[in-house]
Every structure is written in C-alpha cells, then in structure tokens.
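Report on the structure given below.
The values are calculated or read from the model by the stated rules, or taken from the named source; none is laboratory data. Computed from a prediction, not measured in an experiment: that's the story for all the values here. Every residue, glycine as well, gets a Cβ built from its backbone with ideal geometry; the counts of neighbours run over all protein chains shown.
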Amino acid sequence: MADTDQPGDVPSSPDIRITAQFIRDLSFESPNVLKLIDGPGGNPNLQLEVNVNARNVKQGLFESVIDLKAEAISDQGTIYDLELIYGGLFAVSNVPDNALEPFLLVNCPSLLFPFVRRLVADITREGGFPPLFLDPIDFAALYVQRKKTQQSNKDGDLLN
C-alpha cells in the first residue's frame with residue numbers, strides 16, 4: 001500500500017527514530033554511610049517508584065522519560081536514595097493519532113529501559129553497595145493503570 005496525500009488517509013509505514021538519549025536528572029545519596037560500615041543492618045527494604053511521561057517537543061519530535069526513584073531503608077535508616085530521570089527524543093511520523101500516546105508511554109520507555117537498568121546498577125555499585133538489578137518493567141500495564149486513573153479523574157490526555 002502506497003502513502004497518500006488525501007485527507008483522512010493514514011500513511012501505511014510509520015517512521016520512528018531515536019534522535020537522542022540523555023540523563024535529565026541524577027541524584028544518589030547515602031546519608032547514613034558511617035552507620036552502615038558494618039553492614040546495612042536488619043530488615044533492609046527497597047521502595048521503588050517508576051513513572052513515565054511524554055510530551056511533544058515540536059512537530060514530529062517527542063520526548064519520552066522514565067522517572068525512577070529507589071530508596072533502600074533498614075532499621076539503621078536510609079541506606080541509599082537514588083533518583084534518576086532518563087529520557088529520549090523520538091522523531092515520529094506517519095503514526096496515527098490514536099496510536100501515538102501508547103507508543104510514547106509504552107514502546108519508547110521499553111526502548112530506554114535497558115539503559116536505565118544499567119545506570120541504576122552502575123550507580124549503586126559505585127556508591128559502595130551491591131548493584132541494584134531492576135526486574136523488567138511492564139510499561140503496558142503501567143499505561144493501562146494510568147488510563148484507568150485518568151478515566152476516573154477525567155483529566156484528559158496523558159501527554160504533557
């Protein structure tokens with residue numbers, strides 16, 4: 001099927017390129033390092049929060065970001081607190097409007113995730129702790145959950 005220029009026709013072949021990847025924000029803190037010299041203490045607990053966002057930068061160029069927070073806590077206090085916002089710029093054309101939002105909030109973060117996973121492992125290891133290897137994230141499930149929340153709040157589009 002050939003591309004057409006007639007109104008209402010949907011081009012048949014999407015064109016998608018990653019034009020850039022970047023760390024927007026990175027913070028690693030170990031506020032109780034002196035207390036943890038002999039080990040992390042009892043009952044270590046990891047709290048992980050992941051959010052994805054996307055926005056239109058300009059015609060045909062979109063930003064998709066993963067906002068990750070990981071906090072390790074024990075009975076001696078905070079072991080470490082890691083915050084990372086990692087993004088990518090995606091040149092997108094010939095994608096139907098109804099497919100753009102799920103693409104930016106599911107597919108794009110899936111492409112970025114291996115880089116986020118490696119950064120998190122490297123940063124926690126360089127911080128003096130065992131590397132934190134993140135399990136794969138189901139961005140489609142996050143998107144569905146977010147859509148349900150959006151529908152109950154009637155906030156409109158998820159794209160910022």
Among the residues of region 108-128 satisfying the criterion of being crowded, with 21+ Cβ neighbours inside 10 Å and farther than 23 Å from PHE62 by Cβ, which is modelled with the highest pLDDT? VAL120
So LEU84 passes all but one of these: (1) in contact with a strand residue (DSSP E or B) (Cβ under 8 Å, 6 or more places away or on another chain); (2) within 15 Å of GLU29 (Cα to Cα); (3) surrounded by fewer than 18 Cβ atoms within 10 Å (Cβ to Cβ). Which condition number does it fail? (3)
Is there a residue in region 58-73 that is out of contact with any Ser or Thr (no Cβ under 8 Å at 6 or more places or on another chain), modelled with pLDDT under 90, of a type in the set (Ser, Thr, Tyr) and not in a helix (DSSP H, G or I)? no
Filtering region 129-144 down to residues that are in contact (Cβ under 8 Å) with a residue 40 or more places away in the chain and in contact with a helix residue (DSSP H, G or I) (Cβ under 9 Å, 6 or more places away or on another chain), which residue is surrounded by the most Cβ atoms within 10 Å (Cβ to Cβ)? PHE139
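Here is a check on your reading of the model: is THR78 closer than 30 Å to ILE37 by Cα, among the polar types (S, T, N, Q) and either part of a strand (DSSP E or B) or in contact with a Ser or Thr (Cβ under 7 Å, 6 or more places away or on another chain) (or both)? Break it down into steps so the answer makes sense when it comes.
Details: closer than 30 Å to ILE37 by Cα: yes; among the polar types (S, T, N, Q): yes; either part of a strand (DSSP E or B) or in contact with a Ser or Thr (Cβ under 7 Å, 6 or more places away or on another chain) (or both): yes.
Spelling it out, THR78 is indeed closer than 30 Å to ILE37 by Cα, among the polar types (S, T, N, Q) and either part of a strand (DSSP E or B) or in contact with a Ser or Thr (Cβ under 7 Å, 6 or more places away or on another chain) (or both).
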Scanning region 141-160 residue by residue, the ones that are modelled with pLDDT of 85 or more and either assigned to a loop (DSSP other than H, G, I, E, B) or under 17 Å from VAL65 (Cβ atoms) (or both) total 3
Condition set over 19 Å from the mean Cα position of the chain (by Cα) and in a helix (DSSP H, G or I), scope region 100-133, selection farthest from ARG146 (Cα to Cα): answer is GLU126
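Rundown of residues vs (1) in contact with a Leu (Cβ under 9 Å, 6 or more places away or on another chain); (2) surrounded by 11 or more Cβ atoms within 10 Å (Cβ to Cβ); (3) at pLDDT 90 or above, yes/no style:
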{"residue": "ALA2", "(1), (2), (3)": "no, no, no"}
{"residue": "GLY8", "(1), (2), (3)": "no, no, no"}
{"residue": "ILE16", "(1), (2), (3)": "no, yes, yes"}
{"residue": "ALA20", "(1), (2), (3)": "yes, yes, yes"}
{"residue": "ARG24", "(1), (2), (3)": "yes, yes, yes"}
{"residue": "GLU29", "(1), (2), (3)": "yes, yes, yes"}
{"residue": "ASP38", "(1), (2), (3)": "no, no, no"}
{"residue": "GLY41", "(1), (2), (3)": "no, yes, no"}
{"residue": "LEU46", "(1), (2), (3)": "yes, yes, yes"}
